1. Defining a contact as two alpha carbons under 8 Å apart and six or more residues distant in sequence, what relative contact order in percent does region 115-183 show?
2. Using label points projected 7 Å from each Cα along Cα→Cβ, tell me how many nm separate Y137 and E50, to one decimal.
3. Compute the Cα gyration tensor for region 83-333, then decide on rounded, prolate or oblate, letting a ≥ b ≥ c be the square roots of its eigenvalues: rounded whenever a/c is under 1.5, prolate when a/b is larger than b/c in the other cases, and oblate in all that remain.
4. What is region 2-63's relative contact order, in percent, from Cα pairs under 8 angstrom and six or more apart in sequence?
5. How many angstrom separate the Cα center of region 217-259 from the Cα center of region 276-326?
6. Most fluctuating residue of P203, P78, P160 in a GNM of the chain with Cα springs under 10 Å: which is it?
7. When you count, for each residue, the other Cβ atoms within 10 Å and take the mean per peptide, how do 262-270, 133-141 rank with the highest first?
8. Under a point spin-label approximation (7 Å from Cα along Cα-to-Cβ), what is the A9-E148 distance to one decimal in nm?
Amino acid sequence: MIIILKNTAPEEDVEPLRKTLASRGFIVQELSSDGAKMFGIAGDLSGLSEDDLLHFSCVEKIIRVREPYKLAGRKFHPEDSVFDIKGRKLGGGHFAVIAGPCSVESEDQILSVARDVKAAGASFLRGGAFKPRTSPYAFSGLGLDGLERLKIARAKTGLPIVTEIMSAEYLEQFALDVDVIQIGARNMQNFTLLRQVGSIKKPVLLKRGLSSTLDELLMAAEHVMAGGAREIMLCERGIRTFETATRNTLDLSAVPVLRQKSHLPIIIDPSHATGYWHLVEPMALAAAACGADGLIIEVHNHPEAALCDGAQSVTPQVFRRIMGKVEKIRAAIA
Ligand code: PEP
Ligand code: MN
């Protein structure tokens, strides 16, 4: 719901409305457009009557918002969101690349990759410390030791770190140490985790579930935002289809569709989407061409020996080439 306030309403007439809405537990977002002041209201609105609201002298008009994602949707926030995460801008024309290995394997490995991706122009370092693996016997990350090694790489390169949280057990640690918290495809609808991560109000990279619709992705973002966070990046990482030539099917139409529905930045992951390193470059270029706000790319210094996702990891040399071409595509469409 959007409540449009009268242009002439003095602040002392607005305050009782603000207080009433807050006391009923709604999330109130104060908006302005073309000089008009408005309140965007999110929450369970079933008991909120329009007639009651019209009793407040400051209220001009009420508009019902049909989409269930109020905070993630464009209606409450018509302009693209621009985030500034440790000096790295993202969204609204600012493009950012997140790069690094699937998982942190050792201090040497993460430092070497961090230095290489930074030199090639990456804005953020990725690396999994807690890995969701299909097999219980596969390498599942170094856990908190992995996080410590990521922190060392951040200290030595200055790159902010992006890493996945799998359970709220480590929420405090992530709040303290991680710059962007990744919620993986498999947890996109773990609603308890979404809320808990939202409550620490840190930037979040939210990956689309393997078989989730774009509306479900936006509702997942809404859960994180209802928890309190505002800086959410939506990540398309390929979906399940009947095609077996690639690990998943990259749904690039997600970019224009999400752009229309949401103000949040859109990141494409060509690594998990394709599963093969030689497909990462063409899909990264296609993502830049269709207007994505950024990329997340798996880079490994020895992909053939990687403990996780080696087949889809590019070498630092290939990553550098991709970065150069992405720049050219961006310049061409500007
Ligand atoms: C990852 O980024 O390494 C990862 C596990 O991604 P996803 O959740 O998209 O599979
Ligand atoms: Mn991976």
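FYI, it's all coordinate maths here, none of it is from the lab. As the structure is a computational prediction, the values presented were derived from the model and not from experiment. All Cβ positions, even for glycine, are placed from backbone atoms using ideal geometry, and neighbour counts span all protein chains on display.
1. The value is 32 percent.
2. Once both label points are built, they end up 6.2 nm from each other.
3. Taking the square roots of the gyration eigenvalues as a ≥ b ≥ c, region 83-333 is rounded.
4. On the way: 78 pairs, mean separation 31.4, N = 62.
51 percent.
5. Comparing the Cα centres of region 217-259 and region 276-326, I get a distance of 18 Å.
6. Among P203, P78, P160, the largest GNM mean-square fluctuation belongs to P78.
7. Going from most to least packed, we get 262-270, 133-141.
8. Simple spin-label model gives 5.5 nm for this pair.
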